[in-house]
């Protein structure tokens, strides 16, 4: 009887180690994390009703996930693939998107200085073969913490530095804007 208890305790310790290692992963989906927490609670001795109470799930659901874990381990807790058309923006496309956004258009041989969602969509359609609408592309960028904004255009690159220096000197000599001369004072009209 003692060996059976020791074997059960060793199995529970091993189970907790596997669950704890899986819970430390940063890329774990929230639903899988919740199911792993159920498994962990059961390994620590919680009953099904207690687990159902804190998780907000039914006892039947908790039992289902515990059985799936027993049958297949951590991979069995993942959601089944969803029906429908597969996503166009796969991992390769998302990598290309991030690399492209972080690259200035002129370095890619493009005739403009700033990315717009239309330009980015067209460029990625040419390079990856996947066409994604500009609006959806903005949503993908927002999910990856890229911000969209209006560029600040200046004409500084068109200015002659010698003329700018001469004008600044003339302005300083004149005492700032308006040449330092005060205009005539006018009394307010009453009436």
Top-ranked residue of the stretch 65-75 - restricted to ones that are surrounded by 14 or more Cβ atoms within 10 Å (Cβ to Cβ) and part of a helix (DSSP H, G or I), ranked as nearest to the chain's Cα centre (by Cα): 74
Complete set of residues in the stretch 78-93 that are surrounded by 13 or more Cβ atoms within 10 Å (Cβ to Cβ) and at pLDDT below 90: 78, 89
Any hit, the stretch 83-92, residues being in a helix (DSSP H, G or I) and farther than 30 Å from residue 157 by Cα: yes
Condition met for residue 105 (surrounded by 10 or more Cβ atoms within 10 Å (Cβ to Cβ) and in contact with a helix residue (DSSP H, G or I) (Cβ under 7 Å, 6 or more places away or on another chain)): no
Qualifying residue in the stretch 163-176 (condition: outside any helix (DSSP H, G or I), surrounded by 10 or more Cβ atoms within 10 Å (Cβ to Cβ) and at pLDDT below 85): yes
The one condition in (1) in the same structural domain as residue 132 (by TED's automatic domain parsing); (2) part of a loop (DSSP other than H, G, I, E, B) that residue 107 fails to fulfil: (2)
From 68, 144, residue being at pLDDT below 90 and at negative phi: 144
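The values are calculated or read from the model by the stated rules, or taken from the named source; none is laboratory data. Just so we're clear, the structure is a prediction, and the values are computed from it rather than from any experiment. We place every Cβ from the backbone using ideal geometry, glycine too, and count neighbours over all the protein chains shown.
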